[in-house]
Amino acid sequence: MCFNFDRPLELDDNLPDIVRGDSGKLRQILVNLLDNAIKFTAEGEVYLQVTPDSEAGNSNIRFEVRDTGIGIAVDKQDLLFQSFTQIDSSNTRRYGGSGLGLAISKKLVLLMRGQLFVQSELGKGARFWFHIPLPVEADKEKADHFYRQARSLSGRMVAIPMPELSQKSCYALLAEDNPVNQYVVKAMLDKLGISVDVVSNGHEAILALARRRYDILLLDLQMPLLDGFETIRLVRSNTNANFNRTIPAIAVTADAFSETREACIQAGMNDCLVKPFRMHDLSSIVKKWLPEDIANN
Ligand code: ADP
């Protein structure tokens, strides 16, 4: 692999020093796009350019991630932003990935009231760009404070994590024995901005719950040692002072029968998520059961 990283980042001189925006979402979009650019580029350049977007209005900033990699056929580009889309299955084997990054990125850009675009040709690299409104911080004192902080981290421009906009950190525990499901659900939670610890059975889940505080628990129903039903019964009846026994718990099961759902609720689960599920299903169920102050962010 050979990269030219002479100018991997170009920040336009006319960019404001401090802007207001959701730095968590912005970081996630850039990580997804840069991750792909690096993954699909064996040779050449990966490049991030940030400029004020004069066409879209003064408070807009345009971010462009460009690479010289394998590129994307024009007739496949419509599919790119759909969940679980990977353009070429041989790429999946070669490069890995979940097929979620672009779908999530598009959603995050829209949530930030911006737009995401792509331009590419097979074998000729790819260009992904988005512009989002990021108003200049008007509070001089706040701006100076963040500017000093950013300079000390050698950044030229930062998006300030505004308390009313930024995502609060949320921690999930996933108990699932199947490595493929572990991988997929973890990738989905990562993309939703939710940190996750993964364990392989109910026994390990109980140990993990005693070690740290989680905001939500996802339990596969069929697991060795301690299955999902037994696990949630133990969780709900645990009287250890360090243990959050009212943690929202979602059963994850391939069984769509209403009897199973009933049995889950009886055992102490809050809800049931039926496999296979899409990003949207996971996101709405998690949002529904997270504590309000976290879910509303
Ligand atoms: P994945 O996790 O599989 O990379 P994404 O949603 O991020 O999922 O991307 C979907 C698909 O779009 C990728 O599998 C790949 O086929 C294609 N793709 C995305 N970015 C690039 C890029 N920079 N160069 C070439 N192909 C890309």
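Just wondering, is there one or more residues in segment 140-156 that are more than 19 Å from L33 (Cβ to Cβ), modelled with pLDDT under 90 and either of a type in the set (D, E) or within 22 Å of the chain's Cα centre (by Cα) (or both)? Among the residues of segment 140-156, at least one is more than 19 Å from L33 (Cβ to Cβ), modelled with pLDDT under 90 and either of a type in the set (D, E) or within 22 Å of the chain's Cα centre (by Cα) (or both), which makes the answer yes.
Search segment 33-50 for residues being in a strand (DSSP E or B) and not small (G, A, S), and hand back the single one that is nearest to the ligand (Cβ to nearest atom).
The residue in question is V46.
Sub-8 Å Cβ pairs linking a first residue in segment 176-195 that is farther than 13 Å from L218 by Cβ and within 16 Å of the ligand (Cβ to nearest atom) to a second residue that is open to solvent by less than 40 Å² (accessible area, probe 1.4 Å) and of a type in the set (A, V, I, L, M, F, W, C), at least 6 apart or interchain, are A187/L100; D190/V196; K191/L100; K191/I104; K191/M279; G193/C170, ordered by first then second residue. Of all residues in segment 63-81, those that are in contact (Cβ under 8 Å) with a residue 24 or more places away in the chain and open to solvent by 40 Å² or more (accessible area, probe 1.4 Å) have Cβ atoms under 6 Å from Cβ atoms of residues that are more than 10 Å from the ligand (Cβ to nearest atom) and assigned to a loop (DSSP other than H, G, I, E, B), 6 or more apart or on another chain, in T68/E45. Select from segment 196-208 the residues that are hydrophobic (A, V, I, L, M, F, W, C) and either touching a Gly at 6+ places or on another chain (Cβ under 8 Å) or not in a helix (DSSP H, G or I) (or both) and write down the one among them that is farthest from the ligand (Cβ to nearest atom). Step by step, filter segment 196-208, then rank; the result is V199. Scoring D88 on the criteria (1) open to solvent by less than 50 Å² (accessible area, probe 1.4 Å); (2) modelled with pLDDT under 85 leaves a single failure, condition (1). Of the candidates P8, P52, the single residue that is more than 20 Å from the chain's Cα centre (by Cα) and modelled with pLDDT of 90 or more is P52. Checking the conditions here, which among R212, R261, R278 is surrounded by fewer than 18 Cβ atoms within 10 Å (Cβ to Cβ), touching a residue at least 40 places away in the same chain (Cβ under 8 Å) and closer than 22 Å to N181 by Cβ? Going through R212, R261, R278 in turn, the sole match is R278.
Residue pairs whose Cβ atoms lie under 8 Å apart, separated by 6 or more positions or on different chains, with the first residue in segment 219-231 and of a type in the set (G, A, S) and the second assigned to a loop (DSSP other than H, G, I, E, B), are G228/L221; G228/Q222; G228/M269. Per the conditions (1) at pLDDT 90 or above; (2) under 18 Å from the mean Cα position of the chain (by Cα); (3) of a type in the set (V, I, T); (4) within 9 Å of the ligand (Cβ to nearest atom), the sole criterion not satisfied by V109 is (4). Name the pairs whose Cβ atoms lie under 7 Å apart, with the first residue in segment 105-121 and within 15 Å of N32 (Cβ to Cβ), the second among the basic types (K, R) and assigned to a helix (DSSP H, G or I), and 6 or more positions between them or separate chains? Pairs that qualify, where the first residue is within 15 Å of N32 (Cβ to Cβ) and the partner is among the basic types (K, R) and assigned to a helix (DSSP H, G or I), are L108/K25; L111/K25; M112/K25; L116/K106. State which residue is most open to solvent (accessible area, probe 1.4 Å) when the search covers only segment 264-275 and only residues that are within 22 Å of the chain's Cα centre (by Cα) and touching a residue at least 24 places away in the same chain (Cβ under 8 Å). Looking at the filtered set, the residue picked out is K275. Take the conditions touching a helix residue (DSSP H, G or I) at 6+ places or on another chain (Cβ under 6 Å) and at pLDDT 85 or above and apply them to D67. Does it pass? Answer is yes for this residue.
For segment 70-85, the set of residues classified as modelled with pLDDT of 90 or more and near the ligand (Cβ under 7 Å from one of its atoms) consists of I70, G71, I72, listed by residue number. Going residue by residue through segment 289-296, is there one that turns out to be over 22 Å from N178 (Cα atoms) and modelled with pLDDT of 90 or more? Yes, because at least one residue in segment 289-296 is over 22 Å from N178 (Cα atoms) and modelled with pLDDT of 90 or more.
The values are calculated or read from the model by the stated rules, or taken from the named source; none is laboratory data. What you see is a predicted model; the values in this text were computed from it and never measured. Cβ atoms come from the backbone with ideal geometry, glycine included; neighbour counts cover every protein chain shown. Please note that ligands, DNA and RNA were not included when accessible areas were found on the heavy atoms of the full protein model with its side chains. Shrake-Rupley method; radii C 1.70, N 1.55, O 1.52, S 1.80 Å.
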